[in-house]
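First the structure, in the form of structure tokens, and then the observations on it.
The values are calculated or read from the model by the stated rules, or taken from the named source; none is laboratory data. Note that the structure is a prediction, hence the values are computed from the model and not measured. Virtual Cβ from ideal backbone geometry, glycine too; neighbours counted across all protein chains shown. With ligands, DNA and RNA removed, areas are computed over all heavy atoms of the protein, side chains included. Shrake-Rupley method; radii C 1.70, N 1.55, O 1.52, S 1.80 Å.
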Amino acid sequence: MTNALETKQLVKKFGGVVAIDRFSVQIRKGEITGIIGPNGSGKTTFINVLTGISAMDGGRVVIGDQQEKGGIKAWEVFELGIARTFQNIRLFEQMSVQDNVLIAMTKRSPLAALFERHRDIHETLVKEVLTRVGLYDKRRALAKELSYGQRKLLEIARALATSADMILFDEPFAGLFPEMVRVVSDILKELRAGEKTVVLIEHDMAIIRELCDRIIVMDAGQLLAEGMPKQVLTNPAVIEAYLGV
Amino acid sequence: MEYLIHIAIFSAIFGILAISLDLIVGYTGMLSVAHAAFYGIGAYATTLLLKMLGLNFFFALPLAVVITMLVALLIGVVLSKFKTDYYALASLGFGVIVYVVFQNWLQVTRGPFGIPGIPRPDMFGFTFVENVAFLLLALVVLACVYALARFMVRSSFGRILTAIREDETAISVFGYRTTSYKLIIFTIAAGMAAIAGGLYASYITFIAPSAFSVNESIFILAIVILGGAGSLRGPLMGAVVLVLLPELLRFVGLPSDIAAQMRQLLYGVILVLLMLYRPQGLVGTYKL
Ligand SMILES: Nc1ncnc2c1ncn2[C@@H]1O[C@H](COP(=O)(O)OP(=O)(O)OP(=O)(O)O)[C@@H](O)[C@H]1O
Ligand SMILES: [Mg+2]
């Protein structure tokens, strides 16, 4: 099986805090890879580095069949076929639900964007992703007017609308009602069925067990364990560090 | 009547300034207080091209716009290093610098003495000497600027600008090089301000630095905020209201020097009241 992404000795520091510490992992194509670890273990920082939101301080990243990179710019991420959601929801609050999704689909170059109006192709895709998360009726509402759960779903819809090959989800289930949890986990399974790569940061072990093909355990910015959920979740070191037994 | 025409011309000029500043402040979320600098550069460039090279106004104005846009591009590159409050302060710095240049580059601007005797525009032998004619010209130009702004904000480009205002980091992850977008809209808006400058110079037929001071930038910003940042009709309405209000003060019978000071006070009071009670302005929806 080929890798969608590989990191080699990745390092990220915030002043004296080493948030990512010589972190080397592989994310396989077409799988759901779970990332677990205690609070502050560096999960969010990891995907922030991968998506150019935080600059890396050391190490390399290989994405797909691209060259090794020593740094990633945020605006390159889309071209690399990656999309993401944010743990602390980051929508375009004073824009409509529909416009939030359109941003994921319109022309990236300024000149092309200037002469682009949103048209039927956009309408169709907007309808598709918003219907998927049950927000189509709300398409004209402002993002800030949605409930917490709806906002999380809108972020997911926005990521789906990019049609990226790999989507990084940072705790997409946190704070969702059970029926919404169902919707999101179905979406992740559909992505896998469509041979997309999914990275899922999640604290709920039941969800992790149900969805993940492989899991990566982080602790204090380091790789603590990786492998199939069954093996990893019974690993004594993991139980001690994470499950706090 | 002549007086109303005068006010209408000023409303049109400030309408252009406010719409263009709104593209920067309201749509893209960059709190610029340098707009009067581009207004001034446009006015001086038009004036010099008219008086020194003897160009026709309708050639001089586009050239002045290009010159202003080049300066704006340079300033914009530096400003693109800043965000939020720092952006506002840095843009203030540029506003002051440009003003100081107007004041002190005597060979070119004649400093505080200003440049008198600027000709009115003429086209195919018709000179816009009558204010009615000039008003028509100003309105046509305003309509063009409005149409261009509307075209931009209604395109994907406009949506991207608004998303930059809302969360620049988030949108950049979606593959947009936000710095280019910000630079482009800043430069285009500066070009629009230059058009207002050219109109102003040839309407008043005299320019001096004081018309392009930081105070003037704040006045334009007040128009945008009063009318409603992030909409196009808002700044237009704001321009009419804020140009008209001080004139009304004069009608109340206040002597003109007191009225002038009341004008400043009025803007201050209006801004404070707006921020307290209606931060989205008269017709806007976006809260700064
Ligand atoms: N922008 C930042 N500035 C300074 N320190 C940071 C920053 N972001 C993260 N950190 C620190 O880096 C470490 C890793 O944080 P991170 O948010 O990646 O953890 P996490 O695994 O996502 O935790 P959680 O499960 O709570 O979301 C923490 O010690 C955190 O305080
Ligand atoms: Mg986190």
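Working carefully through the options B:L49, B:L55, find the one that is in a helix (DSSP H, G or I) and surrounded by fewer than 23 Cβ atoms within 10 Å (Cβ to Cβ).
Values: B:L55 fails: in a helix (DSSP H, G or I).
Exactly one residue qualifies, and that residue is B:L49.
Looking at A:R90, A:R84, which is the one that is within 16 Å of ligand 1 (Cβ to nearest atom), modelled with pLDDT of 95 or more, of a type in the set (D, E, K, R) and open to solvent by less than 10 Å² (accessible area, probe 1.4 Å)? Even if it seems obvious, please write down each step before you answer.
Working: A:R90 fails: open to solvent by less than 10 Å² (accessible area, probe 1.4 Å).
After ruling out the rest, the residue left standing is A:R84.
Before we move on, is A:R60 open to solvent by 10 Å² or more (accessible area, probe 1.4 Å), within 17 Å of A:K73 (Cα to Cα) and touching a Ser or Thr at 6+ places or on another chain (Cβ under 9 Å)?
Spelling it out, A:R60 is indeed open to solvent by 10 Å² or more (accessible area, probe 1.4 Å), within 17 Å of A:K73 (Cα to Cα) and touching a Ser or Thr at 6+ places or on another chain (Cβ under 9 Å).
Of everything in the range A:34-79, what is away from ligand 2 (no atom under 16 Å from the Cβ) and of a type in the set (S, T, N, Q)? Give them in sequence order.
Residues satisfying the conditions are A:Q66, A:Q67.
Here are some conditions: (1) within 16 Å of ligand 2 (Cβ to nearest atom); (2) within 21 Å of A:D165 (Cα to Cα); (3) part of a strand (DSSP E or B). A:A19 meets all but one. Which one does it not meet?
Answer for A:A19: the failing condition is (2).
Hey, can you tell me all the residues within the range B:155-174 that are in a loop (DSSP other than H, G, I, E, B) and either more than 7 Å from every other protein chain (Cβ to nearest Cβ) or open to solvent by less than 10 Å² (accessible area, probe 1.4 Å) (or both)?
B:S155, B:F174
Anything in the range B:58-93 that is farther than 19 Å from B:S180 by Cα and crowded, with 22+ Cβ neighbours inside 10 Å? List them, or say none.
B:A60, B:L61, B:A64, B:V65
State which residue is farthest from A:I156 (Cα to Cα) when the search covers only the range A:86-106 and only residues that are more than 10 Å from chain B (Cβ to nearest Cβ) and β-branched (V, I, T).
Checked the range A:86-106; the qualifying residue farthest from A:I156 (Cα to Cα) is A:V97.
Name every residue in the range A:181-221 that is within 16 Å of ligand 2 (Cβ to nearest atom) and either surrounded by 21 or more Cβ atoms within 10 Å (Cβ to Cβ) or not in a loop (DSSP other than H, G, I, E, B) (or both), in order of residue number.
A:V199, A:L200, A:I201, A:E202, A:I207, A:I208, A:I215, A:I216, A:V217, A:M218, A:D219, A:G221
Output the residue which, of all residues in the range A:146-169 that are among the charged types (D, E, K, R) and away from every other protein chain (no Cβ under 12 Å), is farthest from ligand 2 (Cβ to nearest atom).
Top of the filtered list is A:D165.
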